[in-house]
Amino acid sequence: MAVNPKKHEMPAQKAEVRAHNFEEVALGYSPEIALEEAARCLNCKNSPCVEGCPVNIRIPDFIARMKEGDWEGAYQIISRSSSLPAVCGRVCPQETQCESHCTLLTRAKMDPVGIGRLERFAADWHNDHAEGSAVKPEPNGHRVAVVGAGPSGLTCAGDLAKKGYKVTVYEALHTAGGVLVYGIPEFRLPKRIVAREVDTLKELGVDVETNVIIGKTLTIDELFEAGFEAVFIGTGAGLPNFMNIPGEALKGVYSANEFLTRSNLMKAYREDPVTPIMKGGYVAVVGGGNVAMDAARTALRLGAEKVYIIYRRSMEELPARREEVEHAEEEGIEFHLLCNPTEILGFENPENPRDPRNGFVTGIRCVRMELGEPDASGRRRPVVIPGSEFELHVDTVVMAIGTSPNPLIKNTTEGLEVNRRGGIIVTEEGLTSRANVYAGGDAVTGAATVISAMGAGKVAAKAIDEQLRRQS
Amino acid sequence: MYPIIRKKILNPTVTQMEIEAPLVARKARPGQFIILRVDEEGERIPLTVAGTDPAEGTVKVIFQVVGATTEKLNHLEAGQALQDFAGPLGTATETEGIRKVCIVGGGVGCAIAMPVAQEFRRLGAQVTSIIGFRNKDLLILEDEFRACSDELIVMTDDGSYGRHGNVTVPLKEKLEAGEKFDRIITIGPLIMMKFVTLTAKPFGVPVTVSMNPIMIDGTGMCGGCRVTLNRNGERVTRFACVDGPDFDGYEIDFDEAMSRGRMYADFERRAYEAACNLFRGA
């Protein structure tokens, strides 16, 4: 039977409908589509796709199970490598990872197998059908503390728990999940999916302690004093960056972290929220990453009349996933490329200093850019075109231009070395400058992807296991 | 959950609660704050620590009922519990090298000023406290301040208790009379802290102000609490949750902070009215 050259389309809500609700955009394969898509896999002996996966999921093996309709069997294979399959199936950039290595693509110039979509199907099937089925492993008597319940921390915790370690995860916020709950919006990753994955870890025996800020409530040294033999730091990205242009303190200017946290974690998108957020009007999101796309699409769903993405390079350099950009364009987000803000404008009534409109955003002033010579990152450096200033009328501005590492742990942990940008310095195994202290994810690399954080959590879990075995 | 061990009404709008939170109680220093949520669906609000009892494992908070969440909080009684209580956050008030301090508190800000005054007393510094309220009915913590101050001056806006006038009046008198404070620490409404700073400026006394901006996470993630400092001719952004809440009064852009504090005024008023109606109906 000839292989279908096309990847099966992901069923999705229509753009004009989904732009006004927070329901998940991608609806997931049906069992019939999953079977047909699984059938496209050639089950290559050398399995190049596995090398493209940061957590090395045995991709051809799980797809082989799916060809037989053994969804649970497929899930079990995935879960051996990934602690968050339903999350990865949704937010991984498969097109630049596993799927970019698929033989169908590299040799036959066909669409690659829809590995991410199949992964999501198997994980969702498991979560819908196999309630409380995680088997608690035999305890090995060793204790490990994980700081931060985001993708890297949860992965590290899951991997260690499966080996029999007693793991406690400390989370600063009131809910576990990290960026998966405060950052990535409901329409891309429903919060119940994250909660279900966290429950699975708890079934494995992982304790999650919320409301504990390591570096404040407890220090890393106190964790060792309390009997933990190793610590993994997965605190994620920290303080949001601003552009340092005039007007950033006006009312209506948010960091993407704040805007998304208000909407996602604090549920400001609801009809009758307890946490406020500016809704409606004209919104400008500055930046071109996935976080910018999330913020723009969230603003739209909150009722914005118009949402602009302002990005200083061209579409070619725009770092967000293609799929997210396409979704955003379909939903009506307007892209102002090769543009850079120079000032945020605000209302000021000279007659009345008590005018309640004073200090609210009214617009954003930008300059147009052109691409010059490549810079250190290899991307062509944007250069200002003289005299190209223009203004856009907006009510809300969201700055999605990255974050800098959080200083709380560095400041309270003697001997923990960080680099010039504040990222924790680690070896290839994730070991920091402190014995038995490991780190991974955005706290090390600066803002990156969920899956690379998971990969780092996985590497560290392996290293912690080896280290503690050596010691005992 | 975090049980409420004791509750005390300090005045018609200000309540004191002692919450069981042993880890926070062990660590919290004067000037630091906590973040709490009343219930499962609640918003996160910052409250400054008003005292701790590490042996008992309790943390004291004092709050004014100003909105929906504090209204809900005020309806809880001892024996009930808070959903979330996280901290201590922010940096502790700097005390090193300060031998003679003037603490200027206004309204519910006095609840935060009190543990700071107590800390200076404990460290052996000479403490002058000036506390101000709108009227006699709103006066709180007078005995506590008297116990930890070498001198206490109580001011009311309407003259119904203590001296008549703003806190800046006795402060100015003292500075003009040649009192040499190593530091003035002021905690209260932004407008009061602004004028305390302006009063102190001609005398060159360092002023520390305690900022209480809108916050969500309190750990340096959202940036909502950012304040602008004028530092050596440059505008510098700092986050009150990790860099503060204490800042140099001469650097803070108070007008901007006041404007930002009113960002959700409409929303907050409506939510507060809704919460009040809810409790009235119940």
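The values are calculated or read from the model by the stated rules, or taken from the named source; none is laboratory data. It should be emphasised that the depicted structure is a prediction, and the values quoted were computed from it without experimental measurement. Cβ placement follows ideal geometry from the backbone for every residue including glycine, while neighbour counts extend to all protein chains displayed.
Please go through the stretch B:20-31 and pick out each residue that is facing chain A (nearest Cβ under 9 Å), crowded, with 24+ Cβ neighbours inside 10 Å and either touching a Lys or Arg at 6+ places or on another chain (Cβ under 6 Å) or under 26 Å from B:F247 (Cβ atoms) (or both).
B:V24
Cβ-Cβ under 8 Å, sequence separation 6+ or interchain: first residue in the stretch A:347-366 and within 14 Å of another protein chain (Cβ to nearest Cβ), partner surrounded by fewer than 16 Cβ atoms within 10 Å (Cβ to Cβ) and among the polar types (S, T, N, Q). Which pairs?
A:D355/A:N349; A:R357/A:N349; A:N358/A:N349; A:N358/A:N352
Would you mention how many residues in the stretch A:420-461 are of a type in the set (G, A, S), over 12 Å from the mean Cα position of the chain (by Cα) and surrounded by 18 or more Cβ atoms within 10 Å (Cβ to Cβ)?
10
Kindly check whether there is at least one residue in the stretch B:144-151 that is over 16 Å from the mean Cα position of the chain (by Cα), within 22 Å of B:G31 (Cα to Cα) and among the basic types (K, R).
Within the stretch B:144-151, one or more residues are over 16 Å from the mean Cα position of the chain (by Cα), within 22 Å of B:G31 (Cα to Cα) and among the basic types (K, R).
Tell me, which residue of the stretch B:47-59 that is within 14 Å of the chain's Cα centre (by Cα) and surrounded by 22 or more Cβ atoms within 10 Å (Cβ to Cβ) is farthest from B:A86 (Cα to Cα)?
B:A50
Taking only the stretch A:225-271 into account, find how many residues are aromatic (F, W, Y), at the interface with chain B (Cβ under 9 Å from one of its Cβ atoms) and either surrounded by fewer than 24 Cβ atoms within 10 Å (Cβ to Cβ) or part of a loop (DSSP other than H, G, I, E, B) (or both).
Here the count works out to 1.
Taking the condition of being within 10 Å of another protein chain (Cβ to nearest Cβ), assigned to a helix (DSSP H, G or I) and more than 27 Å from A:I409 (Cα to Cα), how many residues in the stretch B:237-259 meet it?
Counting residues in the stretch B:237-259 that are within 10 Å of another protein chain (Cβ to nearest Cβ), assigned to a helix (DSSP H, G or I) and more than 27 Å from A:I409 (Cα to Cα) gives 5.
Are any residues in the stretch B:58-108 away from every other protein chain (no Cβ under 14 Å), of a type outside the set (S, T, N, Q), on the phi < 0 side of the Ramachandran plot and not in a strand (DSSP E or B), and if so, which ones?
Matches in the stretch B:58-108: B:V65, B:V66, B:H75, B:L76, B:E77, B:E94, B:E96, B:I98, B:R99, B:V108.
Look at the stretch A:126-144 and say how many of its residues are touching an Asp or Glu at 6+ places or on another chain (Cβ under 9 Å) and either among the aliphatic types (A, V, I, L, M) or at pLDDT below 95 (or both).
10
Please specify each residue of the stretch B:34-44 satisfying the condition of being touching a residue at least 60 places away in the same chain (Cβ under 8 Å) and surrounded by fewer than 24 Cβ atoms within 10 Å (Cβ to Cβ).
B:R44
How many residues are within 19 Å of the chain's Cα centre (by Cα) and part of a loop (DSSP other than H, G, I, E, B) if we restrict to the stretch B:25-46?
Total satisfying the criteria: 6.
Would you pick out the residues in the stretch B:260-282 that are without any contact (Cβ under 8 Å) to a residue 12 or more places away in the chain and not in a helix (DSSP H, G or I)?
Correct list: B:R262, B:A282.
Say we look at the stretch A:348-392 and pick out the residues that are surrounded by 12 or more Cβ atoms within 10 Å (Cβ to Cβ), closer than 28 Å to A:G252 by Cα and of a type in the set (D, E); which of these is nearest to the chain's Cα centre (by Cα)?
By that ranking, first place goes to A:E391.
Across the stretch B:128-143, what is the total count of residues that are surrounded by 14 or more Cβ atoms within 10 Å (Cβ to Cβ), out of contact with any Pro (no Cβ under 6 Å at 6 or more places or on another chain) and either closer than 14 Å to B:V108 by Cα or not assigned by TED's automatic domain parsing to the domain that holds B:C102 (or both)?
Selection size over the stretch B:128-143: 9.
Of A:I401, A:I385, A:I409, which residue is in contact with a Leu (Cβ under 8 Å, 6 or more places away or on another chain) and not small (G, A, S)?
Selected residue: A:I409, the only one of A:I401, A:I385, A:I409 that is in contact with a Leu (Cβ under 8 Å, 6 or more places away or on another chain) and not small (G, A, S).
All but one of (1) of a type outside the set (A, V, I, L, M); (2) buried (at least 24 other Cβ atoms within 10 Å of the Cβ); (3) over 23 Å from A:C49 (Cα atoms) hold for A:T168; which doesn't?
Among (1) of a type outside the set (A, V, I, L, M); (2) buried (at least 24 other Cβ atoms within 10 Å of the Cβ); (3) over 23 Å from A:C49 (Cα atoms), A:T168 violates only (2).
So the check is Cβ under 7 Å with 6+ separation or different chains; which pairs have a first residue in the stretch A:151-179 that's more than 18 Å from A:Q467 (Cα to Cα) and a second one that's among the polar types (S, T, N, Q) and at pLDDT 95 or above?
Here the result reads A:E171/A:T210; A:L173/A:T210; A:H174/A:T210; A:H174/A:N211; A:T175/A:T210; A:A176/A:T210, each pair linking the stretch A:151-179 to a residue that is among the polar types (S, T, N, Q) and at pLDDT 95 or above.
So is B:T93 buried (at least 17 other Cβ atoms within 10 Å of the Cβ), over 30 Å from A:I277 (Cα atoms) and in contact (Cβ under 8 Å) with a residue 60 or more places away in the chain or not?
In short, yes.
Kindly indicate whether any position in the stretch B:159-168 is more than 30 Å from A:L408 (Cα to Cα) and within 14 Å of chain A (Cβ to nearest Cβ).
Among the residues of the stretch B:159-168, not one is more than 30 Å from A:L408 (Cα to Cα) and within 14 Å of chain A (Cβ to nearest Cβ), which makes the answer no.
Can you tell which of B:R235, B:R226 is out of contact with any His (no Cβ under 7 Å at 6 or more places or on another chain), closer than 19 Å to B:R260 by Cβ and surrounded by fewer than 16 Cβ atoms within 10 Å (Cβ to Cβ)?
Checking each option against the conditions leaves just B:R235.
Of all residues being polar (S, T, N, Q) and in contact with a Ser or Thr (Cβ under 9 Å, 6 or more places away or on another chain) in the stretch B:60-76, which is surrounded by the fewest Cβ atoms within 10 Å (Cβ to Cβ)? Just the residue, please.
B:Q64
If you go through the stretch B:252-263 one residue at a time, do you hit one that is crowded, with 22+ Cβ neighbours inside 10 Å and in contact with a Pro (Cβ under 7 Å, 6 or more places away or on another chain)?
There is at least one residue in the stretch B:252-263 that is crowded, with 22+ Cβ neighbours inside 10 Å and in contact with a Pro (Cβ under 7 Å, 6 or more places away or on another chain).
Does A:V212 fit the bill of being at pLDDT 95 or above, among the aliphatic types (A, V, I, L, M) and buried (at least 24 other Cβ atoms within 10 Å of the Cβ)?
Here the answer is no, as A:V212 does not meet what is asked.
Could you count how many residues in the stretch B:195-223 are under 21 Å from B:F33 (Cβ atoms), in contact (Cβ under 8 Å) with a residue 40 or more places away in the chain and not β-branched (V, I, T)?
7
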